[in-house]
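Student: Can you read through this structure? Questions will come right after.
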Amino acid sequence: MSDSRPRRTFAVISHPDAGKSTITEALALHARAINEAGAVHGKGDRKATVSDWMAMEKARGISITSAALQFEYDGHVVNLVDTPGHSDFSEDTYRVLSAVDSAVMLVDAGKGLEPQTLKLFRVCALRGIPVITVINKWDRPGLSPLELMDKIQEQIKIRPTPLTWPVGEAGDFRGVLDRRTGEFIKYTRTAGGATIAPERRMGADQVEGDDKDVWDNAVEEHELLDLDEANHDQTTFLSGETTPVMFASALQNFGVAQLLDLLVELAPGPSTTEGLDGAVREPGDEFSAFVFKVQSGMNTAHRDRLAYARIVSGEFDRGMVVTHGTTGRPFATKFAQTVFGRETTSVEHAYPGDIIGLVNANALRVGDTIYTGPKIAYPPVPSFAPEHFMTATAGDIGRYKQFRKGIEQLDQEGVVQVLRSDLRGDQSPVLAAVGPLQFEVVEDRMLHEFNSPIRLSRLDYQVARITDAEGALGLRGKRGCEVLQRTDGTYVALFTDQWRASATARDNPEILLEAMPAGGA
Ligand code: GDP
């Protein structure tokens, strides 16, 4: 491979407002500043681009695009994959998580664990993604650090192993105790907007003045953690049993350098990936990648379609012809791009861990594998159990053609799941979503992108189970239940409530009723 720099591909996840955008920008700017200062070749003027990205998110209110921010740090290539930032529980987040090797979880020191924090931790556990936890906003009053650790342990059932410990309570952030060296990393406040917060490392014996009391307190708590054996262990971190914790203030750039260092030191890079049927690819093997997100309408002029793929193995060279696993057909990659906010640039080469955007990728679907060499197919990106259901009809009958086309497109992109049955007919498919905001995206895009206003009306179902053709027959006529089919052919049984789903399963043991991974609740 011609680029041997190790990769770190991760996502920052959090409950909204915990500081995801702030820390993303801080990480990128910090790396850039270091690169410039250290004469490591920077990658053009990233500053404007980063701000653009944020501006776009703000203008839209919700971030619908998802792209990877790539920068170099300490000899590594860091790929920060963006996740949607809105408060709704969206399937997009989970797809993005299938493309990363680790996650950074931000927790707001003042608010503690919030609903999305818990859900996201659960999804990481489900997918086996190691998590580094950052307690953010330590510059503001908040909970006590030991209390926060207890909450993580109790509510998430993952053992927190702090690597740093705050010196000064929340709202009085003097710095941190580096639990591995016993040193004090003292922060100095700078005027707002500086990219690097000055840090000074000193031994315990050098701590003086009004820092002394709060330092002693931090040492005491550190010793308590020691007694409790709450110390970092790389094996249990990688297996998801423990989460290293650090304390930061993204707004003041405190802890940002440490987070980058931790990512480089501890976060896993790309590794051996299992395909279906026992096939395996090592990062150094021939090229393979899987699509984790498909998006259209980036360029409204020609409604191009972009498929984001995560490289699993081998080197990608723009122009190479790969095999599209699902159809077995060749796929030309002349138009591969790195996508970053509004800016797209052609990518010439990319490596395991990197994210590429493939333009005009009309044949590619979420979950598809592309490869060279022997056939490989990666397991499908899991779809989460929908809990909200609506029937959709064309708001303007004269635009039925546009309606059909729009629904088909949104289905392919995975904006919602589309369910159909002979009974309901094609004029009014059922849309299924994990979070209600997905419906708003559908309404908006149907109107503006496909020129077909859409009428949605709520269906009284709350629970979905996977069944099969026999199950569909067996369930016919049962009350509070309806079977429909996803576009991929999967039979989905909808129930009015959990009770009915359980009772049906109990009374009809011969009928397949399989739960999907739960997202909500
Ligand atoms: P996101 O929704 O997770 O992307 O959160 P943002 O990055 O947009 O931050 C939400 C709000 O919290 C903004 O007003 C930020 O300025 C503020 N914020 C982010 N990090 C910090 C921090 O470390 N300290 C303080 N005091 N405010 C912060």
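The values are calculated or read from the model by the stated rules, or taken from the named source; none is laboratory data. Every value quoted in this text rests on a predicted model; they were computed, and no experiment measured them. Please note: Cβ atoms are built from the backbone with ideal geometry, for glycine as well, and neighbour counts cover all protein chains shown.
Student: Determine which member of the set A109, A99 is within 15 Å of the ligand (Cβ to nearest atom), of a type in the set (G, A, S), in contact with a strand residue (DSSP E or B) (Cβ under 8 Å, 6 or more places away or on another chain) and in contact (Cβ under 8 Å) with a residue 60 or more places away in the chain.
Tutor: Numbers: A99 fails: within 15 Å of the ligand (Cβ to nearest atom).
When all the criteria are applied, what remains is A109.
The rows are residues; the columns are (1) part of a loop (DSSP other than H, G, I, E, B); (2) at positive phi; (3) at pLDDT 90 or above.
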{"residue": "M246", "(1), (2), (3)": "no, no, yes"}
{"residue": "L260", "(1), (2), (3)": "no, no, yes"}
{"residue": "P270", "(1), (2), (3)": "yes, no, yes"}
{"residue": "D277", "(1), (2), (3)": "no, yes, no"}
{"residue": "G284", "(1), (2), (3)": "yes, no, yes"}
{"residue": "Q295", "(1), (2), (3)": "no, no, no"}
{"residue": "R303", "(1), (2), (3)": "yes, yes, no"}
{"residue": "L306", "(1), (2), (3)": "no, no, no"}
{"residue": "R310", "(1), (2), (3)": "no, no, yes"}
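Student: Any chance the range 1-12 includes a residue that's within 13 Å of the ligand (Cβ to nearest atom), among the hydrophobic types (A, V, I, L, M, F, W, C) and either assigned to a helix (DSSP H, G or I) or at pLDDT 50 or above (or both)?
Tutor: Yes, the range 1-12 contains a residue that is within 13 Å of the ligand (Cβ to nearest atom), among the hydrophobic types (A, V, I, L, M, F, W, C) and either assigned to a helix (DSSP H, G or I) or at pLDDT 50 or above (or both).
Student: In the set A99, A125, which member is in a loop (DSSP other than H, G, I, E, B) and within 28 Å of A433 (Cα to Cα)? Step through it out loud before you land on a result.
Tutor: Details: A125 fails: in a loop (DSSP other than H, G, I, E, B).
So the residue among A99, A125 that is in a loop (DSSP other than H, G, I, E, B) and within 28 Å of A433 (Cα to Cα) is A99.
Student: Just to confirm my filter: which strands (runs of 3 or more DSSP E) fall fully inside the range 344-448 and include at least 2 residues that are farther than 24 Å from Y491 by Cβ and modelled with pLDDT of 90 or more?
Tutor: Counting at least 2 such residues, we get 369-371.
Student: Follow-up question, since we're still on this one. Scanning the range 213-257 for residues that are within 30 Å of the chain's Cα centre (by Cα) and among the charged types (D, E, K, R), which turns out farthest from the ligand (Cβ to nearest atom)? Before the answer, list the steps.
Tutor: First, pick out the residues of the range 213-257 that are within 30 Å of the chain's Cα centre (by Cα): 230-257.
Filter once more, so that each one left must be among the charged types (D, E, K, R): 233, 241.
Numbers: D233: 28, E241: 26 Å.
Looking at residues that are within 30 Å of the chain's Cα centre (by Cα) and among the charged types (D, E, K, R), I get D233.
Student: Restricted to the range 137-163, and to residues that are more than 15 Å from the ligand (Cβ to nearest atom) and not in a helix (DSSP H, G or I), which residue is farthest from C124 (Cα to Cα)?
Tutor: S144
Student: State the number of residues belonging to the range 449-461 that are buried (at least 20 other Cβ atoms within 10 Å of the Cβ) and modelled with pLDDT under 95.
Tutor: Summing the residues that are buried (at least 20 other Cβ atoms within 10 Å of the Cβ) and modelled with pLDDT under 95 in the range 449-461 gives 2.
Student: Just wondering, is there one or more residues in the range 392-403 that are exposed (fewer than 14 other Cβ atoms within 10 Å of the Cβ), among the β-branched types (V, I, T) and farther than 24 Å from L364 by Cβ?
Tutor: Yes, that holds for at least one residue.
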